[in-house]
1. Taking interchain pairs and intrachain pairs at least six residues apart, which have beta carbon atoms under 7 angstrom, with the first residue in the range 104-115 and exposed (fewer than 10 other Cβ atoms within 10 Å of the Cβ) and the second among the hydrophobic types (A, V, I, L, M, F, W, C) and at pLDDT below 75?
2. So in the range 103-123, with the set limited to residues that are at pLDDT below 75 and of a type in the set (Gly, Ala, Ser), which one is nearest to Glu162 (Cα to Cα)?
3. Tally time: how many residues in the range 79-98 are within 23 Å of Ala199 (Cβ to Cβ) and at pLDDT below 80?
4. Got at least one residue in the range 245-266 being exposed (fewer than 10 other Cβ atoms within 10 Å of the Cβ), of a type in the set (Lys, Arg) and at pLDDT below 85?
5. Restricting to the range 211-244, and then to whatever is in contact with a Phe, Trp or Tyr (Cβ under 8 Å, 6 or more places away or on another chain) and of a type in the set (A, V, I, L, M), can you tell me which residue is surrounded by the fewest Cβ atoms within 10 Å (Cβ to Cβ)?
6. So which residues in the range 124-178 are assigned to a helix (DSSP H, G or I), surrounded by 15 or more Cβ atoms within 10 Å (Cβ to Cβ), aliphatic (A, V, I, L, M) and modelled with pLDDT under 85, if there are any at all?
7. State which residue pairs qualify: first residue assigned to a loop (DSSP other than H, G, I, E, B) and inside the range 36-47, second residue aromatic (Phe, Trp, Tyr) in any location, beta carbons under 6 Å apart, and separation of 6 or more residues or different chains.
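The values are calculated or read from the model by the stated rules, or taken from the named source; none is laboratory data. No experiment lies behind these values; they were computed from the predicted model shown. Backbone-built Cβ (ideal geometry, glycine too); neighbour counts: all protein chains shown.
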Amino acid sequence: MSRLARSCRDWPRLLEVCGLFGTLLADQDGLLGGLLACGRCDCGLNVRYKGSSGFSYVCNRRRTEYAEPFCQNLSGKVLDELVTGQVLQVLKPAALELSLQAAENSQQERARLHEQWQQRLERARYQSDRAARQYHAVEPENRLVARQLERQWEESLQEQRELEEAHDRFVREQPAELTDDERAAIRALATDIPALWHAASTTPADRKSLVRHLVERVVVSVQGESELVDVAIEWVGGFRSQHQVLRPVARYEQLHNYPELLTRALQLSDEHMTTKQIADRLNQEGWRPPKRRRTFNRAMVRALLSRRASPKPRPRTPASGALLKPDEWWFGDLAHRLAVPPPTLYSWLRRGWVHARQLPGVQGRWILWADEEELQRLQQLRRCPHTWSEQSRFQQLTPPKLRADDK
């Protein structure tokens with residue numbers, strides 16, 4: 001009973017903690033959470049968190065509900081930076097000046113319409129006054145004429161009253177005019193918008209609210225598996241702007257210009273340039289590496305130049321080739337054939353994901369077995385992302401195929 005009572009006393013604190021946790025998740029839900037749409041399947045993109053700070057936008061609705069292939073994903077930071085820049089561009093002082101000019105033009109149009117209303121009201125008052133004078137000027141003996149004039153007078157008064165009510169509605173529906181002090185305050189605020197956006201006092205909820213007042217939807221479409229991402233921002237009011245951003249990718253092969261990049265790096269290497277000089281030249285010419293770096297360094301150039309060879313096995317000497325059985329590979333040859341780094345292949349070997357045997361001796365060489373079917377499995381294993389959504393597929397690719405000798 002005492003434990004139950006103590007648990008009941010802890011409920012308010014537990015609810016408070018849950019509320020704070022929910023607020024924290026809401027603040028970290030990406031700047032564009034709820035606004036993103038997939039340009040391929042038109043589904044909404046979800047937020048996937050990576051550790052404590054990183055996150056990405058993914059489209060996995062059809063994979064979750066219909067077991068279809070994974071659609072697309074991209075870095076959340078890249079997309080948020082694009083939309084933030086466009087929003088600040090819209091709110092820059094020049095745009096506000098145009099808005100103030102548009103407001104002034106609208107006020108001039110309202111003044112013209114108000115003048116027309118005044119003229120219509122004056123005509124209605126004149127008609128009702130004229131009908132009143134005609135009614136009062138008729139002789140009492142002319143009763144038929146008096147009744148006709150009285151009826152016309154009442155109709156003119158009714159039209160005047162309806163016109164005045166319509167004018168009152170027109171005045172109420174018009175927005176308030178900006179005063180000179182309000183215009184000056186808006187111009188002063190325009191210069192501080194970027195500082196206010198990045199200020200510590202501005203919460204993520206404030207930024208989201210501002211974006212949602214300007215943007216209706218953001219349509220994202222990754223070009224294949226490359227780093228190129230087409231982004232369409234649909235603004236409030238119907239305008240649609242087209243943009244393109246670069247997302248981080250994992251491999252050089254995903255770059256849309258990878259063949260040209262490799263060719264250019266090999267040309268510079270053939271000119272006897274050092275890796276530092278090649279990196280500087282590539283950076284000057286605007287080439288970009290994969291992942292999150294914007295520039296090349298010497299280590300990245302060395303890794304790029306190591307890809308110069310074609311994925312064909314190196315020729316074997318007759319002596320070493322005699323030791324191999326059908327579908328067997330030397331360790332280095334198989335790594336070269338699969339375009340897999342040797343440490344990765346060695347990790348697969350230790351985990352039992354590939355059939356292998358070691359020659360006797362202190363420094364015995366490893367011989368691995370892989371037929372055409374196994375080569376395809378290992379290539380799929382190399383390309384399979386190590387993510388939670390791909391975990392089941394990754395586990396299916398790890399067990400090696402049973403050989404005839406093992407059955």
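1. Listed pairs, sorted by first residue: none to list.
2. For the range 103-123, the residue satisfying everything is Ser106.
3. Within the range 79-98, residues that are within 23 Å of Ala199 (Cβ to Cβ) and at pLDDT below 80 number 7.
4. The answer is no, given that none of the residues of the range 245-266 is exposed (fewer than 10 other Cβ atoms within 10 Å of the Cβ), of a type in the set (Lys, Arg) and at pLDDT below 85.
5. Start the filter on the range 211-244 by keeping residues that are in contact with a Phe, Trp or Tyr (Cβ under 8 Å, 6 or more places away or on another chain), which leaves 214-216, 220, 241.
Filter once more, keeping what is of a type in the set (A, V, I, L, M): 214-215, 220.
Numbers: Leu214: 15, Val215: 19, Val220: 23.
Ranking the qualifying residues of the range 211-244, first place goes to Leu214.
6. Passing the criteria: Ala131, Ala132, Ala146, Leu149.
7. These pairs meet every condition: Leu45/Tyr57.
Yes/no matrix, rows are residues, columns are (1) surrounded by fewer than 12 Cβ atoms within 10 Å (Cβ to Cβ); (2) within 33 Å of the chain's Cα centre (by Cα); (3) in the same structural domain as Leu74 (by TED's automatic domain parsing); (4) at positive phi:
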{"position": "His355", "(1), (2), (3), (4)": "no, no, no, no"}
{"position": "Pro360", "(1), (2), (3), (4)": "yes, no, no, no"}
{"position": "Arg365", "(1), (2), (3), (4)": "no, no, no, no"}
{"position": "Ala370", "(1), (2), (3), (4)": "no, no, no, no"}
{"position": "Leu375", "(1), (2), (3), (4)": "no, no, no, no"}
{"position": "Leu381", "(1), (2), (3), (4)": "no, yes, no, no"}
{"position": "Trp388", "(1), (2), (3), (4)": "yes, yes, no, no"}
{"position": "Ser392", "(1), (2), (3), (4)": "yes, yes, no, no"}
